[in-house]
1. Do the conditions hold for ASP100, that is, is it over 14 Å from the mean Cα position of the chain (by Cα), more than 23 Å from PRO53 (Cβ to Cβ) and among the acidic types (Asp, Glu)?
2. Would you mind finding the one in TRP111, TRP86 that is farther than 24 Å from LEU51 by Cβ and either under 14 Å from the mean Cα position of the chain (by Cα) or without any contact (Cβ under 8 Å) to a residue 12 or more places away in the chain (or both)?
3. Would you be able to tell me the number of residues in the range 56-70 that are of a type in the set (Val, Ile, Thr) and in contact with a helix residue (DSSP H, G or I) (Cβ under 9 Å, 6 or more places away or on another chain)?
4. Pick out, from the range 110-160, the strands (runs of 3 or more DSSP E) lying fully within it that include 1 or more residues that are of a type in the set (Gly, Ala, Ser) and modelled with pLDDT of 95 or more.
5. When you scan the range 121-145, how many residues do you find that are of a type outside the set (Ser, Thr, Tyr), surrounded by 14 or more Cβ atoms within 10 Å (Cβ to Cβ) and over 20 Å from THR162 (Cα atoms)?
Amino acid sequence: MIRFWRLWGRLPSAMLMVAGLFFSTGGSLSSAGSSAAPRGPDLNPAMVTYLHPDQIQWTGNPTGAQQAVLLGDPSKPGLYIVLVKWNPHNMSHPHFHPNDRYITVLSGTWWVGSGTKFDPDATVPMPAGSYVVDLAKQPHYDGAKDEAAIIEIVGEGPATITPAEEK
């Protein structure tokens with residue numbers, strides 16, 4: 001827990017920005033069918049930075065999992081914040097990471113399993129609003145079943161992935 005508070009103390013306003021972005025869009029980070037925010041007063045960029053959902057740069061497989069880096073670089077040492085969009089019927093296989101990862105489910109239902117045997121039927125649903133910690137060096141797998149899920153991951157890089165599946 002000490003490690004979490006040390007990390008928490010270094011978090012910039014990016015987490016608040018993501019939460020505000022999520023809740024101000026009615027709980028969805030999908031740009032499909034969204035329109036630009038109404039024009040109002042401009043914010044001073046020296047005081048507040050933000051992204052609207054249609055400005056988030058998603059990379060990866062549009063039919064599998066996509067990622068958007070909001071802060072830092074997950075491949076390098078230091079704090080990072082990423083969004084991961086799991087599209088329906090996509091799951092990772094058992095793996096682990098070198099550091100704890102703090103995850104909040106922003107939309108949809110994210111399914112999580114633990115251990116080295118891949119068994120999607122043994123996963124546990126984490127609905128929007130759930131908070132999960134992937135503990136360092138502990139095997140797990142996760143993804144989406146019938147609906148897309150968007151999660152926010154906060155961690156300390158480098159965020160490597162080590163396969164851990166038992167065949």
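The values are calculated or read from the model by the stated rules, or taken from the named source; none is laboratory data. Model, not experiment: these values are computed from the prediction. Methodologically, a virtual Cβ is constructed for each residue, glycine included, from the backbone with ideal geometry; neighbour enumeration extends over all protein chains shown.
1. Against the criterion (over 14 Å from the mean Cα position of the chain (by Cα), more than 23 Å from PRO53 (Cβ to Cβ) and among the acidic types (Asp, Glu)), ASP100 does not qualify.
2. Numbers: TRP86 fails: farther than 24 Å from LEU51 by Cβ.
Checking each option against the conditions leaves just TRP111.
3. Going residue by residue through the range 56-70, those that are of a type in the set (Val, Ile, Thr) are 56, 59, 63, 69.
Adding the requirement that they be in contact with a helix residue (DSSP H, G or I) (Cβ under 9 Å, 6 or more places away or on another chain) leaves 56.
Going through the range 56-70 one residue at a time, the tally reaches 1.
4. Correct list: 140-144, 149-157.
5. 4
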